[in-house]
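S.K.: Before I ask anything, let me first share the structure, which is written out below as structure tokens.
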Amino acid sequence: MKEYGVYISGKWAESTSSQIFETKNPTTGETLATFPKGTKEDVAKAIDAAEKALPEWKRFPAPKRGEILLRAAQLMRERKDELGSIVTKEMGKAIAEGKGEIQEAIDFVEYVAGEGRRLLGITTPSELPDKFFMTVLQPIGVVGLITPWNFPMAVPCWKLAPALIAGNTVIFKPASGTPLCAARLVEIFEEAGLPPGVLNFITGSGSVVGREIVENPKVKAISFTGGVPTGVDIYSRASKLLKSVYLELGGNNPHIIMDDANMELAIEGVLFGAFGTAGQRCTATRRLIIHKDVYGEVMEKLLKRTRALKIGNPLDPEIDVGPVTSADQEKIILDYIKIGKDEGARLLCGGRKLKGGIYDKGFFIEPTIFEAEHGMRITKEEIFGPVLSVMKAKNYEDAVRIANDVEYGLSSSIYTKNVNLAFKAIQDLEAGITYINAPTIGAEVHLPFGGIKNTGNGGREAGTAAIEEFTEIKTVCIDYSDRLQKAQIEE
Ligand code: UN1
């Protein structure tokens, strides 16, 4: 079993702390590796290293930075099966999804590598003669990346690749549930040829390591994916230093089935959206809103299909649903199931922690469906697990009203064959992402990803938006008239 240290200035080193923590397999309880509980001093050293590396990395041509990213993507491609199984072992998602996550990381790193030959600005005319305008994109400086456990390789790549291509240097703090995936990623970028100090990696708690990254004035921007309370805390601390902050804080994503929908397709979409990754995606389907005329038919089929899902060791390709990721998450989800029962929601299927045999070693919760009333806590809050609340809608307007009446706005979905309703839904659903006849999960990397309301603070990751998160725009004026020209002033 490997004992990791911190990674600063291109070297793995001991932390200044003697305390360590273990990362465990949520299926078997086996310890996979140990990591240091990093300190403020570790972070300070990492920031110094990142500052030192910045001038040279900024000057390193962006297409050459892109070549390093391409090598990293190539290494991930060669090791896709191995890396996918590490994701599955450390986080618990089904192996097809573990490999899918690596593919998502590869796709995105390759996509961003191409930005090395773009990083496009604009040129535009001036109101004065012999004067030229353009914009150039510049790095922000040292940036802090704080990443979640549910996509332990893909989401770090969503942040790392654009930060690096734009010429920033990085302090990377992964979630304490999945540091092994993160460390493997760091090793890959090192092997791909990243110069020392460009990427620095510190594990440990949010309250020590995370806070120092957020509060140290030398770190100029923060990118965070995780829960709302932490996001709000980061935003308020970083705002005092006027840092640029990107936040992606989850969702309570609705899936609407209209009376004219392709039922089989809509139900398959719900199963994948609600119970894929054991419901541990920000984009997971949390609420199913069904038109009253097809409610009975949909529910009968959905319950049958849900009860047939295979729950077990996620390394087994036959398994549909793996464990949830930790004892803490298991407790939160089981508490919510109790809240649902107490507030009078009808438990239609699942609802229990599985026991006996292999289940005793892991954190297995049955895929759970509640028939709920809109307004109950289980319909309003984000339950980060395999729990779905179902509600009936009178018509399209009622479905949209229910869909929108939550504090989040990440993903949304509607199944209908009516093109008018589909386009109305694009207008009406309050979310950063709307799917028509496709589930709420499964965003592709070349499109912007993010949401409105409590999902974030207005930014988008991935796609064309990825670069914006990690660059400053400089407006450049070149006056070649050889005289003082005064904009806006009449001569
Ligand atoms: C997340 O859950 O934080 O759209 C990201 C999806 C994935 C990304 C999820 N491509 O479901």
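S.K.: Just to be sure I understand the filter: pairs with C-beta atoms under 8 Å, separated by 6 or more residues or on different chains, first member in region 359-371 and without any contact (Cβ under 8 Å) to a residue 40 or more places away in the chain, second member among the acidic types (Asp, Glu) and part of a helix (DSSP H, G or I). Which pairs pass?
M.R.: Hits for this filter: zero, empty list.
S.K.: Residues that are hydrophobic (A, V, I, L, M, F, W, C), open to solvent by less than 10 Å² (accessible area, probe 1.4 Å), over 30 Å from residue 486 (Cα atoms) and without any contact (Cβ under 8 Å) to a residue 60 or more places away in the chain: does region 164-175 have at least one?
M.R.: So far as region 164-175 goes, yes, one or more of its residues are hydrophobic (A, V, I, L, M, F, W, C), open to solvent by less than 10 Å² (accessible area, probe 1.4 Å), over 30 Å from residue 486 (Cα atoms) and without any contact (Cβ under 8 Å) to a residue 60 or more places away in the chain.
S.K.: Would you mention how many residues in region 440-474 are free of Cβ contacts under 8 Å to residues at least 60 places away in the same chain, touching a strand residue (DSSP E or B) at 6+ places or on another chain (Cβ under 6 Å) and either over 30 Å from residue 257 (Cα atoms) or within 12 Å of the ligand (Cβ to nearest atom) (or both)?
M.R.: 0
S.K.: May I pose another question? Does any residue of region 266-282 turn out to be within 16 Å of the ligand (Cβ to nearest atom) and among the β-branched types (Val, Ile, Thr)?
M.R.: Yes, region 266-282 contains at least one residue that is within 16 Å of the ligand (Cβ to nearest atom) and among the β-branched types (Val, Ile, Thr).
S.K.: Taking residue 220 and the conditions (1) touching a Ser or Thr at 6+ places or on another chain (Cβ under 8 Å); (2) buried (at least 21 other Cβ atoms within 10 Å of the Cβ); (3) not assigned by TED's automatic domain parsing to the domain that holds residue 283, which numbered condition does it fall short on, given that it satisfies the others?
M.R.: Just one mismatch for residue 220, condition (2).
S.K.: For region 192-208, how many residues are open to solvent by 10 Å² or more (accessible area, probe 1.4 Å) and under 11 Å from residue 76 (Cα atoms)?
M.R.: So the count comes out to 0.
S.K.: State whether the residues of region 124-135 include one that is free of Cβ contacts under 8 Å to residues at least 12 places away in the same chain, assigned by TED's automatic domain parsing to the domain that holds residue 54 and out of contact with any helix residue (DSSP H, G or I) (no Cβ under 7 Å at 6 or more places or on another chain).
M.R.: The answer is yes; a qualifying residue exists.
S.K.: Another one. Enumerate the strands (runs of 3 or more DSSP E) found wholly within region 125-180, keeping only those where 2 or more residues are within 14 Å of residue 200 (Cβ to Cβ) and away from the ligand (no atom under 16 Å from the Cβ).
M.R.: 142-146, 169-173
S.K.: Okay, next question. Scanning for something within 27 Å of the chain's Cα centre (by Cα), in a loop (DSSP other than H, G, I, E, B) and farther than 30 Å from residue 292 by Cα, does region 329-349 turn up at least one residue?
M.R.: So far as region 329-349 goes, no, none of its residues is within 27 Å of the chain's Cα centre (by Cα), in a loop (DSSP other than H, G, I, E, B) and farther than 30 Å from residue 292 by Cα.
S.K.: Something else about it: Somewhere in region 309-327, is a residue under 20 Å from the mean Cα position of the chain (by Cα), more than 16 Å from the ligand (Cβ to nearest atom), in the same structural domain as residue 409 (by TED's automatic domain parsing) and open to solvent by less than 10 Å² (accessible area, probe 1.4 Å)?
M.R.: yes
S.K.: Which residues, taken from region 185-212, are part of a helix (DSSP H, G or I), aliphatic (A, V, I, L, M) and over 19 Å from the mean Cα position of the chain (by Cα)?
M.R.: Answer for region 185-212, where residues must be part of a helix (DSSP H, G or I), aliphatic (A, V, I, L, M) and over 19 Å from the mean Cα position of the chain (by Cα): 188, 208, 209.
S.K.: Residues that are under 14 Å from the mean Cα position of the chain (by Cα): which strands (runs of 3 or more DSSP E) entirely in region 391-490 hold 1 or more of them?
M.R.: By residue number, 411-415, 433-436.
S.K.: Okay, next question. Those residues that are hydrophobic (A, V, I, L, M, F, W, C), farther than 14 Å from residue 90 by Cβ and touching a residue at least 60 places away in the same chain (Cβ under 8 Å), I need them from region 317-334; list them, please.
M.R.: Listed by number, the residues that qualify are 319, 321.
S.K.: Turning to a different aspect of this structure: Does residue 290 satisfy the criteria of being closer than 25 Å to residue 402 by Cα, without any contact (Cβ under 8 Å) to a residue 60 or more places away in the chain and either in the same structural domain as residue 408 (by TED's automatic domain parsing) or not in a helix (DSSP H, G or I) (or both)?
M.R.: So residue 290 fails the test.
S.K.: Looking at residue 437, is it under 21 Å from residue 269 (Cα atoms), open to solvent by 60 Å² or more (accessible area, probe 1.4 Å), more than 14 Å from the ligand (Cβ to nearest atom) and out of contact with any Cys (no Cβ under 7 Å at 6 or more places or on another chain)?
M.R.: Yes, satisfied.
S.K.: Of the conditions (1) more than 14 Å from the ligand (Cβ to nearest atom); (2) out of contact with any His (no Cβ under 9 Å at 6 or more places or on another chain); (3) outside the structural domain of residue 172 (by TED's automatic domain parsing); (4) not basic (Lys, Arg), residue 261 fails just one. Which one is it?
M.R.: Going through (1) more than 14 Å from the ligand (Cβ to nearest atom); (2) out of contact with any His (no Cβ under 9 Å at 6 or more places or on another chain); (3) outside the structural domain of residue 172 (by TED's automatic domain parsing); (4) not basic (Lys, Arg) one by one, residue 261 breaks only (2).
S.K.: Now a separate question. Considering only region 373-384, I want to know if a residue exists there that is surrounded by 24 or more Cβ atoms within 10 Å (Cβ to Cβ) and small (Gly, Ala, Ser).
M.R.: No, region 373-384 has no match at all.
The values are calculated or read from the model by the stated rules, or taken from the named source; none is laboratory data. Worth saying up front: this structure is predicted, and the values here are computed from it rather than measured. Neighbour counts are summed over all protein chains in view; Cβ atoms, including those assigned to glycine, are modelled from backbone coordinates with ideal geometry. When the accessible area is computed, the model is the full protein with side chains, heavy atoms only, and any ligands, DNA or RNA have been set aside. Shrake-Rupley method; radii C 1.70, N 1.55, O 1.52, S 1.80 Å.
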